[in-house]
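Computed from the coordinates by the stated procedures, all read-outs in this text should not be read as laboratory data. Computed from a predicted structure; not experimentally measured. With ideal geometry, Cβ positions are generated from the backbone for all residues, glycine too; neighbour counts draw on all protein chains shown.
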Amino acid sequence: MSETNSSAGKGRPTPPRKVREQARKKPLVGDRSKEARKAQREKLREERQKAREGMMAGDERYLTYRDKGPQRKFVRDLVDSRFTAGEMVLPAMFLVVLTTFIDSYEVQLISLLAMWSLFLVVAFDAFLVSRSVKKRVAKKFGADKVEGGLGWYGAMRSIQMRALRIPKPQVSRFAKID
């Protein structure tokens, strides 16, 4: 037979089920007070700002899937180290818009033809950038390890104005990239 110790016990009565269930309850939506919502918005704003700064600086943790990886970084550096015709499109389009205010058919026609000529030059330059990128990446990383779409990625980056590129250029113009 076993002996029981009558002095053993938890020293307090068992709480009723209703009390235990109430203690476990958590709100579904969290704290919805005005101060809590404001604090949550501020926290999200700070997180977004940190992510934006990280993305602009080229921090791999904050980059979009499109921009991640050593090959993409190499392509960005290649494109950012050169001057491309695509950088002149936005300023040229601004000039074309200004020439539409000039009441001269010849001036408007010349500016329009110049704009279309620039588009052709940009397309040709983007083609050259794409070929150059593919060759340089194959040389650096190995022809069998080249990711798909790097040529297009480089060409599209070359069309953007340097100041508007995201992530921001990490190399100076005309820098030697190995």
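Results, tabulated for the structure shown:
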| item | result |
| --- | --- |
| FRET efficiency, 1/(1 + (r/R0)^6) with R0 41 Å, evaluated for K34 and K10 via beta carbons | 0.45 |
| Loop-located trypsin sites (Lys or Arg not before Pro) in region 67-167, at most 13 other Cβ atoms within 10 Å (DSSP) | K68 |
| Furthest towards positive pole of dipole, L113, V96, L128, structure part region 58-178, Cβ charges | L128 |
| Most positive-pole-ward Cα, G11, Q71, A143, against dipole of the chain from beta carbon charges | G11 |
| Rounded FRET efficiency, nearest 0.05, which uses the C-beta distance separating L128 from M56 and R0 of 22 Å | 0.20 |
| Net lengthening on full extension, K140/R41 (0.36 nm per residue, minus Cα-Cα) | 31.2 nm |
| Assigned charges on the beta-carbon of Lys, Arg, Asp, Glu; region 80-163 dipole about Cα centre (debye) | 740 |
| Long-range amide H partners of G58 with built H, under 5 Å | K168 |
| ³J(HN,Hα) computed for each position of region 10-16 - Karplus, 6.51 cos²θ - 1.76 cosθ + 1.60, integer Hz, glycine/proline x | 8, x, 8, x, 5, x, x |
| Student exercise, the chain dipole from Lys, Arg, Asp, Glu Cβ charges, in Debye to nearest 20 | 1340 |
| Label assignment, Cα extents along the principal axes in Å derived from the structure, set (i) 46, 32, 27; (ii) 110, 50, 24; (iii) 97, 33, 25 | (ii) |
